[in-house]
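The values are calculated or read from the model by the stated rules, or taken from the named source; none is laboratory data. The shown structure was predicted, so the numbers you read here are calculated from the model rather than taken from an experiment. All Cβ positions, even for glycine, are placed from backbone atoms using ideal geometry, and neighbour counts span all protein chains on display.
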């Protein structure tokens, strides 16, 4: 008996596999039985087997510490898959497509006529203070009118059982390689589960990504030369950059491998000279991609890249400037954005959000700091947040003054009771909190991954799922009911 | 193919071969202990001299002992040429070109390094050391086989092999040099028979003994051994074979004229002067000459194909 039933029964959260009465949800019955019958020692063995496999496969991520510098850590993984029934997923998938479609229309509008601002649906004052709005992109027409070709949206399920969108990552979202590798690890560790379950396959992602990128080529008809541009080996997501290049059969390049010539075309430096590049899947932030256009001190970028992109000689994915919609204040307007461009109601709801720039909301937030989660508009990785219920008085005072100094930069949300999934902790199965990051590809078609990357807070009671801060991940299964 | 990738994979070839041959060097010297008559001990100092790391060693170590030198050459991560550092460098390099290497090979390179690190304590004493080194050599041989069998033999493979063959040619000359440094004193006639035995020991360390026997069909004699290791055209660890192999790989690359000139020079050196190395000082000079010519070849490979380093 490996399942710690007590932990699930006195549990104020929604568990994705086990009901408050301690029974299995309908789609998880066989998994539940399998786990319940497994001896704790055996379960522990499987977990160790997974860790060994991950070490052998070299699945790593980089973390930084002042003492040790950049170190390569094995990817933390929990062996029990997170399951989502197919029917529910179909809804989520439709909701994500709707969302990304609206966001792309929104970005394109912001860099052209700004109709949404003129129609007073989206305030000019928010746009004026957006740190990710790029003047350099105004008037540019990227291929197919799409700016965010690869989007990773973070979803959570609240204790009311509803799935909400927590944020959209439209700059350089990462994690998809881990999603793919997690499935391979699960196959090594729990082969017998695949006899009873057939989770929807996910392995066509690299091919879909390739097709999406190829559809952007400025030289349609030819076989396009696609490259993945990485900041290099010290980047925390380097593993993923190399992985995706390898899976797509593309070159993995660094800034110094590329050069923009007088014809505004981008070339890579080969052993026998230069050859032209058509599409760049860039995994470098906007501000570093071109020292000519942005940060002149950037050593990572390629001088002239913006010039080449504006001239339509090379496609960049995601397009520079796409991050303007990747702002937590903009996030709070997404329901209005969907309504404005598509004339539809959002299929997946937003988490209710107070914008501190509104006087009334600001007052409310300052009064209720102890209950709320406060987030800065443009941070990722869980940094710079205040989690009210877990905060000290001093931390709240510090945040109150931060918010008052720059209200536009903060939003607040109720503290969510995010759902849990059974997770192995020293031979016992206990509930741990999870989120989900599906990936949405937008080219000629919109494709959503079957599931996504489930991140799990491995520490008991913790809500932080980021791998740099004690989080791990799980394989995610979309299953028939 | 990207210049940067060409350079990276060339260095993977070099690191891999350097790790393997450093292991062989240490094996030669460790075996000499068994073969030398009582009272004569092999000298460990020549190893660091020949590998070009004597200065670094002496900055850190007050004395030369077998234990200190072998640790320095096998497991010392602060010595950039130690076996463990070569494996680490090969791994870091392989990580930057994972997209062109078969997945299994990356996993092998990764686990090779992890194993070497996890078991390094077993290399400290003489009895565990040979097994430790042999495991590394076997793993490296497996990697070579895997790459030969699973990687497309395109330009990446050409650069991998250029790196391996230039390093191997260089290291074979260094291994001979180590042997030549450990000589039997001339003034003790009863030790004379050991001289040839020592050459045999070296052949065995290079896994060359059987092949030597087959092809030379004479008893082990210094001059024949040297001629075999320098000039035999079919034995894959001979300098001549490596040079010929590089000539083939270079000829498949664009703009290789300058590099091919160096190959000609090397071949002339190999053809003409091996017979003139009857004593050890002359042998040492000859080896120096070959090493300089190999270094010149490296410079022009880098100049022709790799990114400029500013």
message: Criterion first (free of Cβ contacts under 8 Å to residues at least 12 places away in the same chain and either within 25 Å of residue B:308 (Cβ to Cβ) or buried (at least 22 other Cβ atoms within 10 Å of the Cβ) (or both)) does residue B:80 satisfy it?
response: yes
- request: Would you be able to tell me the number of residues in segment A:219-228 that are more than 11 Å from chain B (Cβ to nearest Cβ) and touching a strand residue (DSSP E or B) at 6+ places or on another chain (Cβ under 7 Å)?
  value: 3
- prompt: Name the residues in segment B:249-276 that are without any contact (Cβ under 8 Å) to a residue 24 or more places away in the chain, surrounded by 13 or more Cβ atoms within 10 Å (Cβ to Cβ) and under 25 Å from residue B:206 (Cα atoms), would you?
  reply: B:273
- prompt: Taking helices (runs of 4 or more DSSP H) that do not extend beyond segment B:214-310, which have at least 3 residues that are within 30 Å of residue B:154 (Cβ to Cβ) and in contact with a helix residue (DSSP H, G or I) (Cβ under 6 Å, 6 or more places away or on another chain)?
  reply: B:239-251, B:257-273, B:280-305
task: Those residues that are under 20 Å from residue A:270 (Cβ atoms), outside any loop (DSSP other than H, G, I, E, B) and more than 8 Å from chain B (Cβ to nearest Cβ), I need them from segment A:229-247; list them, please.
output: A:229, A:241
message: I'm told residue A:272 meets every condition in (1) touching a helix residue (DSSP H, G or I) at 6+ places or on another chain (Cβ under 7 Å); (2) within 9 Å of chain B (Cβ to nearest Cβ); (3) more than 24 Å from residue A:180 (Cβ to Cβ) except one. Can you identify the failing condition by its number?
response: (1)
statement: residue A:47 passes all but one of the listed conditions (1) away from every other protein chain (no Cβ under 14 Å); (2) under 20 Å from the mean Cα position of the chain (by Cα); the exception is number (2)
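I'd like to check which helices (runs of 4 or more DSSP H) are fully inside segment B:55-129 and have at least 3 residues that are more than 14 Å from chain A (Cβ to nearest Cβ).
B:66-74, B:83-96
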query: Applying the selection to segment A:166-191, what residues are without any contact (Cβ under 8 Å) to a residue 60 or more places away in the chain and either out of contact with any helix residue (DSSP H, G or I) (no Cβ under 9 Å at 6 or more places or on another chain) or not in a helix (DSSP H, G or I) (or both)?
result: A:191
- request: Go through segment B:180-203 residue by residue and tally those that are assigned to a helix (DSSP H, G or I), farther than 17 Å from residue B:278 by Cα and out of contact with any helix residue (DSSP H, G or I) (no Cβ under 7 Å at 6 or more places or on another chain).
  value: 5
field: Residues of segment A:386-408 that turn out to be exposed (fewer than 13 other Cβ atoms within 10 Å of the Cβ) and modelled with pLDDT under 90, as a count
entry: 1
message: Which count do you get for residues in segment A:195-253 that are modelled with pLDDT of 95 or more, closer than 19 Å to residue B:102 by Cβ and surrounded by 21 or more Cβ atoms within 10 Å (Cβ to Cβ)?
response: 1
message: Take the conditions assigned by TED's automatic domain parsing to the domain that holds residue A:213, crowded, with 20+ Cβ neighbours inside 10 Å and more than 22 Å from residue A:13 (Cα to Cα) and apply them to residue A:440. Does it pass?
response: no
task: For residue B:205, indicate whether it is away from every other protein chain (no Cβ under 14 Å), in contact (Cβ under 8 Å) with a residue 40 or more places away in the chain and over 18 Å from residue B:289 (Cα atoms).
output: yes
task: Evaluate the following for residue A:121: is it out of contact with any strand residue (DSSP E or B) (no Cβ under 7 Å at 6 or more places or on another chain), surrounded by fewer than 20 Cβ atoms within 10 Å (Cβ to Cβ), modelled with pLDDT of 95 or more and in a helix (DSSP H, G or I)?
output: no
Boolean, residue A:258 is touching a strand residue (DSSP E or B) at 6+ places or on another chain (Cβ under 9 Å) and facing chain B (nearest Cβ under 9 Å): no
field: Filtered residue count, segment A:367-377, keeping only those that are at pLDDT 90 or above and either assigned to a loop (DSSP other than H, G, I, E, B) or out of contact with any strand residue (DSSP E or B) (no Cβ under 8 Å at 6 or more places or on another chain) (or both)
entry: 5
task: Kindly establish whether residue B:286 is touching a residue at least 40 places away in the same chain (Cβ under 8 Å) and either surrounded by 19 or more Cβ atoms within 10 Å (Cβ to Cβ) or at positive phi (or both).
output: no
query: Just checking, which of B:14, B:4 is within 14 Å of another protein chain (Cβ to nearest Cβ) and at pLDDT 90 or above?
result: B:4
field: Filter result for residue A:266 (within 19 Å of residue A:141 (Cα to Cα), buried (at least 23 other Cβ atoms within 10 Å of the Cβ) and within 14 Å of chain B (Cβ to nearest Cβ))
entry: yes
message: Anything in segment B:144-161 that is crowded, with 16+ Cβ neighbours inside 10 Å and either more than 12 Å from residue B:16 (Cα to Cα) or away from chain A (no Cβ under 14 Å) (or both)? List them, or say none.
response: B:144, B:146, B:147, B:151, B:155, B:156, B:157, B:158, B:159, B:161
field: Near pairs, Cβ below 7 angstrom, 6+ apart or cross-chain, from segment B:61-72 (in contact (Cβ under 8 Å) with a residue 40 or more places away in the chain) to any residue that is surrounded by fewer than 17 Cβ atoms within 10 Å (Cβ to Cβ)
entry: B:67/B:124; B:71/B:124
message: Which of the strands (runs of 3 or more DSSP E) found entirely inside segment A:378-469 contain at least 2 residues meeting this: touching a helix residue (DSSP H, G or I) at 6+ places or on another chain (Cβ under 7 Å) and closer than 26 Å to residue A:93 by Cα?
response: A:439-442, A:446-448
message: Is it the case, given these coordinates, that residue A:348 is in contact (Cβ under 8 Å) with a residue 24 or more places away in the chain and either touching a helix residue (DSSP H, G or I) at 6+ places or on another chain (Cβ under 8 Å) or surrounded by 17 or more Cβ atoms within 10 Å (Cβ to Cβ) (or both)?
response: yes
message: Criterion first (under 26 Å from residue B:197 (Cα atoms), in contact (Cβ under 8 Å) with a residue 24 or more places away in the chain, assigned to a helix (DSSP H, G or I) and more than 14 Å from chain A (Cβ to nearest Cβ)) does residue B:40 satisfy it?
response: no
